[in-house]
1. Per DSSP H run of at least 4 residues, take -39500 (n - 2.57); add these up for the chain, divide by its residues and hand me the 222 nm value, nearest 500 deg cm²/dmol.
2. Just want the answer: with Cβ charges of +1 for Lys and Arg and -1 for Asp and Glu, which residue in LEU124, LEU175, GLY60 is farthest toward the dipole's positive end in the stretch 5-252?
3. Can you tell me the mean projection area, over all orientations, of the convex hull of the stretch 5-252's alpha carbons? Units nm², please.
4. Could you look at the chain and say what percent of its accessible area is carbon and sulfur, using a 1.4 Å probe and all protein chains?
5. Residue-wise, which Karplus ³J(HN,Hα) couplings in Hz belong to the stretch 49-56, taking 6.51 cos²θ - 1.76 cosθ + 1.60, θ = phi - 60°, and x for glycine or proline?
6. Determine the gain in length on full extension of the stretch ALA255-ALA234; use 0.36 nm per residue of separation and subtract their C-alpha separation, reporting nm with one decimal.
7. List the relative contact order of the chain as a percent without decimals, with contacts defined as Cα pairs under 8 Å and 6+ residues apart.
8. Suppose each label sits 7 Å from its Cα in the direction of the beta carbon; what would the GLU263-GLN164 distance come out to in nanometres?
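The values are calculated or read from the model by the stated rules, or taken from the named source; none is laboratory data. Just so it is clear, the model here is predicted, and its values are computed rather than measured. No Cβ is skipped: glycine too gets one built from the backbone with ideal geometry, and neighbour counts run over all protein chains shown. Side chains are part of the model used for accessible areas, which takes the heavy atoms of the whole protein and leaves out ligands, DNA and RNA. Shrake-Rupley method; radii C 1.70, N 1.55, O 1.52, S 1.80 Å.
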Amino acid sequence: MKQGVLYVPDGTPAESALRRTTDLCVTAHQDDVELWAYGPIAACYAKRDKWFSAVTVTDGAGSPRTGDYGSFTDEQMKQVREKEQNAAALIGGYGFMAQLKFSSAAVKDGASPDVTADLTEILLAARPDVVYTHNLADKHDTHVAVALRTIAALRALPKDARPQKVYALEGWRDLDWMCDEDKVCFDTAGRPHLSAALLGVFDSQIAGGKRYDSAAEGRRLANATFFASHATDAFISASYGMDITELVFSDAEPAAFIAAQIEKFKKDVTDRLEALR
Ligand SMILES: [Zn+2]
């Protein structure tokens with residue numbers, strides 16, 4: 001890692017902490033993992049044979065700040081956000097927490113190889129079974145840039161180091177628009193106290209009035225109830241993902257892949273209108 005920091009909550013040596021990881025989530029900001037990947041966190045929590053670990057790519061310098069944090073400099077804000085993220089890693093029992101500390105501008109610079117190189121290094125050392133990242137239809141530029149860099153890093157892996165599955169998670173824009181048969185549902189109902197603790201840690205982002213914690217919980221409840229109109233709820237709380245494994249391990253253009261998904265949604269809407277005319 002160029003300038004990143006690695007934190008291992010249980011003190012296991014770094015090499016083993018990386019290698020034990022079964023589920024690895026790569027996101028842009030401190031708090032993204034807990035907002036969007038709670039299903040995998042909960043599925044790995046306190047399991048002997050599963051370890052959830054996470055990577056945040058940016059340094060938190062551009063974070064919004066109000067109230068008690070209003071006068072904080074970028075440098076102070078970076079420190080607060082790093083601490084909050086590591087606290088979440090401790091609470092969530094993560095295998096390791098890597099914070100790569102790139103500026104948002106560096107992440108969005110497609111010509112720079114640095115972010116992808118760091119991600120490739122971590123993926124090679126960890127060799128997770130499953131990787132999670134942002135989805136390509138997200139409306140936050142830094143999220144989409146991280147998804148693209150993650151795909152590039154995964155494509156750089158030798159065949160024997162590839163994960164079995166890669167999922168893109170809803171975030172700044174949900175995945176409710178996807179056709180139901182294509183949605184991957186993550187059960188987010190388990191251990192609601194753990195979810196509350198993980199989201200509540202990010203005081204610097206919530207205290208100013210943006211209730212990300214409530215919003216994330218609300219979306220998960222709505223997802224579970226509105227998933228299928230005729231069935232009783234299979235989950236009481238769920239988040240959606242998109243399976244991008246095929247995209248990642250092919251030469252397909254990410255833009256063409258997501259355009260095909262949107263086209264499918266468009267057809268679903270227009271076919272229904274046509275049938276009911
Ligand atoms: Zn984010």
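1. Value at 222 nm, helices only: -13000 deg cm²/dmol.
2. LEU124
3. 13.2 nm²
4. The C+S portion of the solvent-accessible surface of the chain is 54 percent.
5. For the stretch 49-56, the Karplus curve yields 10, 9, 10, 8, 10, 9, 10, 10 Hz.
6. Gain on stretching ALA255 to ALA234: 4.3 nm.
7. Worked out over the chain, it gives 22 percent.
8. Label at GLU263, label at GLN164, 3.1 nm between them.
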